[in-house]
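Colleague: Questions regarding the structure given below will be posed in turn.
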Amino acid sequence: MFRFVLLLIGLSSLSIETVTAQILPVRARDYLFLTNVADVRALWVNPAGLGIVPEASIFGELTFDRTSGDLRVEQYSLGFNSRGFALGYQRNRFVDEESVGILRTGFGYPLRRGALGGAVSRYSQDSTKTYGLEVGLAFIPRLKVPLQLGAVVRHIGRPTVRGQDLPVTGIGAVQLSTSHLQINWETHAAERVETGVSGFDLAHRAGARVMFGAGRLPIILIGAVDLGSNMRIDEVNVGFSIGGPRQVTAMGSLVEQGDNPVFQRFSGTLVATNPIATAGR
C-alpha cells in the first residue's frame, strides 16, 4: 500500500503516455477490475459479475475531457441489470469525427464458487454497424488466502470501429482482499492486427481500494494505474465512492501536459441497487 501511495506522490517525475484507441473504453473500466464488480457495471467490465449477486440495479455515468482546452462531455453511459440480464448504452463523442454508439446486452450465470457471463455489443457509426462478443469468468478458489480470480476475452469477432478492427484481447485478473482493503492486478494481451504482424501486445493494471465506515454511507478511496509492457505508467486514475445501495463515484485521470501531469478527464457515476430474493437461498 505504501508503495502505491509513493507512486502517486512521485508521479510528477514520470512520463505518462496517453494511449489513443479506436474506441474509448467505458469509464468504469478505468477504476473497476474483473474481480470486484457485481452490479450493472459488470456488463462493461466482466459480464460474469452479473451472476454473482441476485439484484436489480441501474447506473448512469458521465465523463468530461479538456484535451482540446475546453471542458466537454467526452462519453456517457447508462444501463440496467435484473436477475443477471443487463442492457446498456454507451456514447463516445470524438472532437474530429462522428460519435460512436455501443448498444450492449449481457447475462451472468452463477456457479457454486463464481459465475460465467457473456455480452454482445453493437457498434454504430453513421450507417455502419458491426458486432462483437465478450465472455467472462469469475472464480473464488478454495484457499485460506482470500483470493478471487477473473478472466475475460473481449472483441471476439474483431468488430470494425472507425475503420479499424478491434483486437481480440484476453485478460487475467487476481484480487487479494480483506475487510477494508482490496488489491487488484490485471494483465491484458491484445492481438496485433497489423498486416503481416503476429503476436500479442501486453499491458497491465494495478489498483487498490480502501474502505472506511459501514452502514448506509461507507466511503471507498480508489486508485488504479495503467502500465505498458515495459511497466511504464500510461495513466493514473484516482477517486472515491460514497454510499451502499445508492452509490456515487467521482474519478479523475492524470495525463501528461507539458512537463507536468494534470487531471485531464473527470467522471461521475450513480449506481442504485436492490437485492432480489431467490427461492431456495
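The values are calculated or read from the model by the stated rules, or taken from the named source; none is laboratory data. All values reported here derive from a predicted model rather than from experimental measurement. Positions of Cβ are generated from backbone atoms using ideal geometry, with glycine treated the same way; all protein chains shown enter the neighbour counts. With ligands, DNA and RNA removed, areas are computed over all heavy atoms of the protein, side chains included. Shrake-Rupley method; radii C 1.70, N 1.55, O 1.52, S 1.80 Å.
Colleague: Could you list all residues from segment 152-181 that are under 16 Å from the mean Cα position of the chain (by Cα) and open to solvent by less than 40 Å² (accessible area, probe 1.4 Å)? Don't jump to the end; show me each part of the working.
Modeller: Keep residues of segment 152-181 that are under 16 Å from the mean Cα position of the chain (by Cα), which gives 152-155, 169-175.
Those that are under 16 Å from the mean Cα position of the chain (by Cα) and open to solvent by less than 40 Å² (accessible area, probe 1.4 Å): Val152, Arg154, His155, Thr169, Gly170, Ile171, Gly172, Ala173, Gln175.
Colleague: Thr187 passes all but one of (1) open to solvent by less than 70 Å² (accessible area, probe 1.4 Å); (2) free of Cβ contacts under 8 Å to residues at least 40 places away in the same chain; (3) more than 14 Å from Thr35 (Cβ to Cβ); which number fails?
Modeller: (3)
Colleague: Here is a check on your reading of the model: is Val197 open to solvent by less than 80 Å² (accessible area, probe 1.4 Å) and part of a loop (DSSP other than H, G, I, E, B)?
Modeller: Numbers: open to solvent by less than 80 Å² (accessible area, probe 1.4 Å): yes; part of a loop (DSSP other than H, G, I, E, B): yes.
So Val197 fits the description; yes.
Colleague: Which one of these does Arg265 not meet: (1) more than 23 Å from Val40 (Cβ to Cβ); (2) modelled with pLDDT under 90; (3) within 16 Å of the chain's Cα centre (by Cα)?
Modeller: (1)
Colleague: Another one. Is it the case, given these coordinates, that Tyr109 is touching a Lys or Arg at 6+ places or on another chain (Cβ under 9 Å), in a strand (DSSP E or B) and either more than 28 Å from Arg246 (Cβ to Cβ) or hydroxyl-bearing (Ser, Thr, Tyr) (or both)?
Modeller: When the stated conditions are applied, Tyr109 does not pass them.
Colleague: Got a number for residues in segment 97-133 being of a type in the set (A, V, I, L, M, F, W, C) and either in contact with a Pro (Cβ under 8 Å, 6 or more places away or on another chain) or under 18 Å from Gln75 (Cβ atoms) (or both)? Working first, answer last.
Modeller: Taking segment 97-133 as the starting set, the residues that turn out to be of a type in the set (A, V, I, L, M, F, W, C) are 100, 102-103, 107, 111, 115-116, 119-120, 133.
From what is left, the residues that are either in contact with a Pro (Cβ under 8 Å, 6 or more places away or on another chain) or under 18 Å from Gln75 (Cβ atoms) (or both) are 100, 102-103, 107, 119.
Selection size over segment 97-133: 5.
Colleague: Among the numbered conditions (1) closer than 23 Å to Phe80 by Cα; (2) touching a residue at least 40 places away in the same chain (Cβ under 8 Å); (3) open to solvent by 50 Å² or more (accessible area, probe 1.4 Å), tell me where Ala115 comes up short.
Modeller: (3)
Colleague: Suppose the filter is open to solvent by 20 Å² or more (accessible area, probe 1.4 Å) and at pLDDT below 90; does Thr128 pass it? Walk me through how you get there before you give the answer.
Modeller: On the way: open to solvent by 20 Å² or more (accessible area, probe 1.4 Å): yes; at pLDDT below 90: yes.
Here the answer is yes, as Thr128 does meet what is asked.
Colleague: Here is a follow-up. Return yes when Pro110 is touching a strand residue (DSSP E or B) at 6+ places or on another chain (Cβ under 8 Å) and either free of Cβ contacts under 8 Å to residues at least 40 places away in the same chain or open to solvent by less than 70 Å² (accessible area, probe 1.4 Å) (or both) and no when it is not. Reasoning before the result, please.
Modeller: Details: touching a strand residue (DSSP E or B) at 6+ places or on another chain (Cβ under 8 Å): no; either free of Cβ contacts under 8 Å to residues at least 40 places away in the same chain or open to solvent by less than 70 Å² (accessible area, probe 1.4 Å) (or both): yes.
It is false that Pro110 is touching a strand residue (DSSP E or B) at 6+ places or on another chain (Cβ under 8 Å) and either free of Cβ contacts under 8 Å to residues at least 40 places away in the same chain or open to solvent by less than 70 Å² (accessible area, probe 1.4 Å) (or both).
Colleague: Could you check, for segment 65-80, whether at least one of its residues is basic (Lys, Arg) and over 18 Å from Val45 (Cβ atoms)? Before you say what the answer is, go through the steps one by one.
Modeller: Going residue by residue through segment 65-80, those that are basic (Lys, Arg) are 66, 72.
Now restrict to residues that are over 18 Å from Val45 (Cβ atoms): 66, 72.
Yes, there is a match, as at least one residue in segment 65-80 is basic (Lys, Arg) and over 18 Å from Val45 (Cβ atoms).
Residues are listed down the side, and each one gets a yes or a no for (1) within 18 Å of the chain's Cα centre (by Cα); (2) more than 23 Å from Ile171 (Cβ to Cβ); (3) at pLDDT 95 or above; (4) open to solvent by 10 Å² or more (accessible area, probe 1.4 Å):
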residue: Leu43; (1), (2), (3), (4): yes, no, yes, no
residue: Ala48; (1), (2), (3), (4): yes, no, yes, no
residue: Ile58; (1), (2), (3), (4): yes, yes, yes, yes
residue: Arg66; (1), (2), (3), (4): no, yes, no, yes
residue: Asn81; (1), (2), (3), (4): yes, no, yes, no
residue: Arg93; (1), (2), (3), (4): no, yes, no, yes
residue: Asp96; (1), (2), (3), (4): no, yes, no, yes
residue: Gly106; (1), (2), (3), (4): yes, no, yes, no
residue: Ser121; (1), (2), (3), (4): yes, no, yes, no
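Colleague: The conditions are (1) under 16 Å from Val255 (Cβ atoms); (2) of a type in the set (A, V, I, L, M, F, W, C); (3) open to solvent by less than 40 Å² (accessible area, probe 1.4 Å), and Leu71 fails exactly one of them. Which is it?
Modeller: Every condition holds for Leu71 apart from (3).
Colleague: Only residues in segment 80-105 that are small (Gly, Ala, Ser) count as the first member; pair them with residues that are open to solvent by 50 Å² or more (accessible area, probe 1.4 Å) and at pLDDT 95 or above, Cβ under 6 angstrom, at least 6 apart or cross-chain, and list the lot.
Modeller: So the pair list comes out as Gly84/Phe107.
Colleague: Another one. Please work out if Gly101 is small (Gly, Ala, Ser) and either under 19 Å from Leu62 (Cα atoms) or out of contact with any strand residue (DSSP E or B) (no Cβ under 7 Å at 6 or more places or on another chain) (or both). Before you say what the answer is, go through the steps one by one.
Modeller: Working: small (Gly, Ala, Ser): yes; either under 19 Å from Leu62 (Cα atoms) or out of contact with any strand residue (DSSP E or B) (no Cβ under 7 Å at 6 or more places or on another chain) (or both): yes.
Criteria met by Gly101.
Colleague: Would you please list the contacts, defined by Cβ atoms under 8 Å and residues six or more apart or on different chains, that run from a residue in segment 128-151 that is closer than 30 Å to Glu97 by Cβ to a residue that is of a type in the set (Lys, Arg)?
Modeller: Lys129/Arg122; Thr130/Arg122; Tyr131/Arg122; Gly132/Arg154; Gly132/Arg158; Glu134/Arg154
Colleague: Further question on the same structure: What about Ile220, is it at pLDDT 85 or above and buried (at least 18 other Cβ atoms within 10 Å of the Cβ)? Spell out how you get there, then give the answer.
Modeller: On the way: at pLDDT 85 or above: yes; buried (at least 18 other Cβ atoms within 10 Å of the Cβ): yes.
Answer is yes for this residue.
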